[in-house]
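Worksheet for the structure shown next.
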Amino acid sequence: MVKGKFQLKLLFLCTSHTLLHVYTNLPLALLPILIGEYGLSILLASIIVSIPRVFSLVFSVPSGLIADRWGHNKLISFSLFLQVLAASLIFLFPNVEIVVLCFSLTALASTFYHPPALSATSNISPSDFLSRGLGFHGASGTLGISLGPITLGLILNWLEWRYVYLIWIVPIFVIAVTAFFVNVGEHPHGGHDERKKEGLTTPLKDVLSLTFLSFLLLMLFRSAAGGTISTYLTTYLTESKGLGASLASIIFGLSPLIGLTSVIMGGYVGDRLGWKKSLTLIFSTVIIALFFMFVSISTMQTVLFYFVYGFFNIMTMPITTSLVAKIIPQKSRGTAYSLQFIPMSVVGIVMPIILGILINLLEIWIIFPIAIVFFIIVLILTQNLRIQ
C-alpha cells in the first residue's frame, strides 16, 4: 500500500512537471520567428530572452524558503496557474511587450515549482531509489521541454505561433486545480509548525556549506555551457544551415524527447557507478559530441551529433539533483533546490547578451568553442568536488 502511494505521488509530480515545462523552451524556439516578425536584432532578441531570467533570479531564494516553510502543494498549484495566466495573455495580446511579460511569467512559474517539487520527489523516494526517482521526475520535465517546440513546429504550417500556447491551457489548468488536493512529500518530521517557529533564514544556514557552494560553482559553468548551445541552436540551424523555422523547432524539441530515456538511464548510472564516475564519463562524451557538431560540414551530421550531445547532456540531470539530497538535510532541501537554480538564472541573464555581442562581432559558430571550454571547466570541477 505504501509502495502504491509512493508511485501515485510520483506519477502526479511527473505529470505536473511535464505540463510545467511545455512552455519552457518556446522562447528559444521562437527566437528566429520573433526576430523576423518584430524586426529585432540578435542582440535585442538576446535581451528579451534574458529579461525573464531576472525574475527567476530575484525569486529563487524566496521560493525555496517558502517551500520549506509552508509546504509543497500550494506552490506547485500556484506555479501552474501562472502558466495558465501567461498562456492566456500571450494568445490574446501577442505584442512584443506582452510576449516579454509572458516569457517572464513562465520563468517565474518554473522558479516557484522546482523547489517544492524536487523536495517532494526526494522526500517520497526510498533511499535506494533516489536517483531513479529524480530521474523519472526529470524525464517528465524533459518530455514537457520537448513537447513545446515540437508542437510549435507542427502547427506553424497551419496556424500562427501563438496558438501553441492555447493548446496546453486546459491540461495545465486541470493539474493546477488537482494540486490543491494531492498531498505530496510534506515534511514527515516536525511539520510546518516547527519550521514556522524557526527563523525564515534557518534553511539558509543549513545549506551554505563549502561543499554546496562548490557544487553551485559547478552548476554555474554547466548552465553556461548548456545555455550557450540551447539559446542559439534554432538560430544557428536557420541562419547557418538554411533550415526553416518549423523544422529547426522540431529538431530542437526532438533532442530532449530522445533524452527521455537518457534521464532515466542517468538515474540508473548514477546509482550504479556513483556520481563522480558517471559525470566524468558523461561530460567527456558531451565535449566530444560538441566538437564533432562544430566541425561537421553537412546539416545531417550536425543534427546527428546534436542529438548525441543532447542525449548525454540530459543524463546529468538526475545525478546533479540527487547530489543536493546527499549534501542537504531533508528539512532544508527546498531552499537548496532553489539555490541550485540561481547559477542557471545568472547565466540566463548574462550569457545571451554576451553571446549576442560576440555573434555580431564574429559569427554564430562561436557558440561551439565557448560551450566546449565551459564543459572542460565543468569536467575539472567535477574531479575536485568532495561529496560523501
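Read the figures in this text as sums done on the coordinates, not as results from a lab. Everything numeric here is computed off the predicted structure, so don't read it as measured data. Neighbour counts run over all protein chains shown; Cβ positions are idealised from the backbone, glycine included.
Counting lysine pairs in the chain that sit 8 or more residues apart in sequence, or on different chains, and whose Cα atoms lie under 17 Å apart gives 10.
Dipole magnitude for the chain: about 1020 debye, using +1 per Lys or Arg Cβ and -1 per Asp or Glu Cβ, origin at the Cα centre.
In the chain, a dipole from Cβ-located charges (positive for Lys and Arg, negative for Asp and Glu) runs towards its positive end, and of Gly310, Leu218, Tyr163 it is Leu218 whose Cα lies farthest in that direction.
Within the chain, what's the longest stretch lacking chymotrypsin sites (Phe, Trp or Tyr not before Pro) that sit in DSSP loops with no more than 12 other Cβ atoms inside 10 Å? The answer is 182-388.
Subtracting the Cα-Cα distance of Lys276 and Thr299 from 0.36 nm times their residue separation leaves 4.9 nm of extension gain.
Using 0.36 nm per residue of separation minus the Cα-Cα distance, give me the extension gain between Ile288 and Thr261 in nm, one decimal. Could you put the intermediate results ahead of the total?
Numbers: separation 27, 0.36 × 27 = 9.72 nm, distance 2.04 nm.
Full-extension gain reported as 7.7 nm.
Relative to the Cα centre, the charge distribution of the range 263-388, modelled as +1 at Lys and Arg Cβ and -1 at Asp and Glu Cβ, gives a dipole magnitude of about 600 debye.
Helix-only arithmetic for the chain: the sum of -39500 (n - 2.57) across DSSP H runs with n ≥ 4, divided by the residue total, places the mean residue ellipticity at 222 nm at -27500 deg cm²/dmol. Taking the structure as given and computing Cα Rg over 2.2 N^0.38 Å, which label from (1) 1.76; (2) 0.98; (3) 0.94 fits? Checking each listed value against the structure points to (3).
Tell me, what is the FRET efficiency for Leu154 and Leu361 to the nearest 0.05, using R0 = 41 angstrom and their Cβ-Cβ distance as r?
0.70
Here the range 311-386 and the range 107-168 have alpha carbon centers that stand 18 Å from each other. Shape of the range 270-343 from the C-alpha gyration tensor: prolate (a/c of 1.5 or more and a/b above b/c, with a ≥ b ≥ c the square roots of its eigenvalues).
Estimate the FRET efficiency between Lys74 and Phe129 by the formula 1/(1 + (r/R0)^6), using the beta-carbon distance for r and 25 Å for R0, to the nearest 0.05.
On the way: r = 26 Å, r/R0 = 1.05.
Efficiency, rounded to the nearest 0.05: 0.40.
Relative to the current alpha-carbon distance between Ile380 and Ser240, full extension at 0.36 nm per residue lengthens the span by 47.2 nm. Legend: calculated FRET efficiency, Tyr268 to Ile387, from the Cβ-Cβ distance at R0 = 30 Å, rounded to 0.05, equals 0.95.
Helices in the chain that qualify as membrane-span-like (whole DSSP H runs, Cα extent of at least 18 Å along the helix axis, mean Kyte-Doolittle hydropathy of -1.0 or higher) are 2-20, 42-70, 73-92, 96-124, 130-155, 210-239, 245-273, 275-295, 299-327, 342-361, 367-384.
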